[in-house]
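**Student:** Okay, handing you the structure first.
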Number of protein chains: 6
Amino acid sequence: MKNWLKSLKTRTPEEGFDLAIRLSQRGVELTQPSEEIRNVLRPVYSRDPNSLIAASQVIATNFQTVAAANDYWKGEKWKSKSADRE
Amino acid sequence: MKNWLKSLKTRTPEEGFDLAIRLSQRGVELTQPSEEIRNVLRPVYSRDPNSLIAASQVIATNFQTVAAANDYWKGEKWKSKSADRE
Amino acid sequence: MKNWLKSLKTRTPEEGFDLAIRLSQRGVELTQPSEEIRNVLRPVYSRDPNSLIAASQVIATNFQTVAAANDYWKGEKWKSKSADRE
Amino acid sequence: MKNWLKSLKTRTPEEGFDLAIRLSQRGVELTQPSEEIRNVLRPVYSRDPNSLIAASQVIATNFQTVAAANDYWKGEKWKSKSADRE
Amino acid sequence: MKNWLKSLKTRTPEEGFDLAIRLSQRGVELTQPSEEIRNVLRPVYSRDPNSLIAASQVIATNFQTVAAANDYWKGEKWKSKSADRE
Amino acid sequence: MKNWLKSLKTRTPEEGFDLAIRLSQRGVELTQPSEEIRNVLRPVYSRDPNSLIAASQVIATNFQTVAAANDYWKGEKWKSKSADRE
């Protein structure tokens, strides 16, 4: 799996959040490369509330990176409202 | 569910904290998309003190991102009091 | 409970630490809104050393945010000692 | 206990690490104010390796804050060696 | 094992993610230097979903460092599209 | 043990990683000062995969601090290749 991460740049915060999820899953995949085993594990952790919270923590950490890389998308939406102030 | 996150910009720190909570829940929802299963899990983790602390940790991490994106709302409240010093 | 977080600005590091605690508690309250249930849980986690360490971790994370928002209170105490060097 | 945290400024990285420890303990103390109970818990967590690692994680997080507040003590030791390069 | 980390600079985000994984593994290796014991442990944690999520958390933290060190690779891909805006 | 941390400055990223490990161990030592007890605990956590991952997480957090303190060692290796661009 080459070229799965060409850039940290995304057009919107929402796409940035999706990228954060992809980065989080990728960390799991590279630690457990077998898709078969991961498929066995998924129903386990996706029904364990503490696992879900821990997964959300990884996503939050990766979202920090993606958001910083995009300068918090300040240029997009924000420009329209506060271009002269920011 | 499209367009749930149009911007990281909020008017006040309080709205920023609400957004951090939304981001944290979204991380859970995207890992466990079934609302039915999540409804079963909620009473479990919301009565487990360690789960509550872990949830608060995710919110804290996302709040770091939102706060940075808003430059800590320095421009709003602060301006009135310390515009000449800051 | 509206207007619980008007600003991230505090006068001193100590008040900033208090705010970090408030943010951490707020993350718990918004996940478990029932004060009654929280009162039942408190004696549990406040006697579990791992819960106490986890709570301190959440506070540390929120204190990072508050400290950055206040530019680490460099302007206050520090000014008197090192205004010419900093 | 008032005035326990007058400033995040320390003279050396070592004093900064000590302050990070104090901040971490303070987070525990404010969650469990009873010194009696904390004294009962100490021998428990100080012999549990996972608790020790978790405590070290809190210290690391607080040390990030203290180090940033002191601009990583670049001005002190570093100045002598690399003032012209940095 | 000398010279395993010559630089935090990588050509692409993908290579940066690989480096983050290497840093995460290195943290484990330096805590448990015996390759024999690590080989015994691998099948254990690579089938425990919570371990996989925790490993992904370490990778995410190291990726923050590597991404910041590379200024989020803004200069590479981004230049072509937005050199005049950024 | 005085003067164990004179500076966060290291010559190379590799030495910086070593310092991050020292900071992580120091956090444990200051929570459990008895070397005798720590020697009893070491074989326990060094064979528990989740403890090893948690230790690697602490190291990653401290490495963030050390890397930032060294401006990611950009000046060293990088200068040779990209002094005119950076």
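**Student:** Between F:T65, F:T12, F:T31, where does the largest GNM mean-square fluctuation fall for chain F, given springs only between Cα atoms within less than 10 Å?
**Tutor:** Per the Cα network of chain F with a 10 Å cutoff, F:T31 tops the list.
**Student:** Now for a different question. Other chains near C:10-19: what is the mean number of their Cβ atoms within 10 Å of each residue's Cβ?
**Tutor:** For peptide C:10-19, the averaged partner shielding equals 3.
**Student:** Also, I was wondering about something else. Please give the net charge around B:A60, taking every other residue with its beta carbon less than 13 angstrom from that of B:A60, where Lys and Arg add +1 and Asp and Glu add -1.
**Tutor:** +2
**Student:** While we're on this one: Taking R0 as 45 Å, what FRET efficiency do you get between C:D71 and F:D18 from their Cβ-Cβ distance, rounded to the nearest 0.05?
**Tutor:** Efficiency for this residue pair is about 0.90.
**Student:** Taking only DSSP H segments of four or more residues, each worth -39500 (n - 2.57), what value at 222 nm results for the protein assembly as shown once the sum is divided by all its residues, to the nearest 500 deg cm²/dmol?
**Tutor:** Using -39500 (n - 2.57) per qualifying helix, the result is -21000 deg cm²/dmol.
**Student:** With a cut-off of 8 Å between alpha carbons and a minimum separation of six or more residues, what is the relative contact order of chain D in percent?
**Tutor:** 46 percent.
**Student:** Distance check, please: which entries in C:K74/F:K74; A:K2/E:K2; A:K2/B:K2; A:K74/B:K6; D:K9/F:K9 exceed 23 angstrom between their Cα atoms?
**Tutor:** C:K74/F:K74; A:K2/E:K2; A:K2/B:K2
**Student:** Would you mind getting me the FRET efficiency between F:E35 and E:N3? Use the beta-carbon distance for r and R0 = 30 Å, nearest 0.05.
**Tutor:** Working from the Cβ atoms, E equals 0.45.
Only the coordinates and a few stated rules stand behind these numbers; no lab work does. No experiment lies behind these values; they were computed from the predicted model shown. We place every Cβ from the backbone using ideal geometry, glycine too, and count neighbours over all the protein chains shown.
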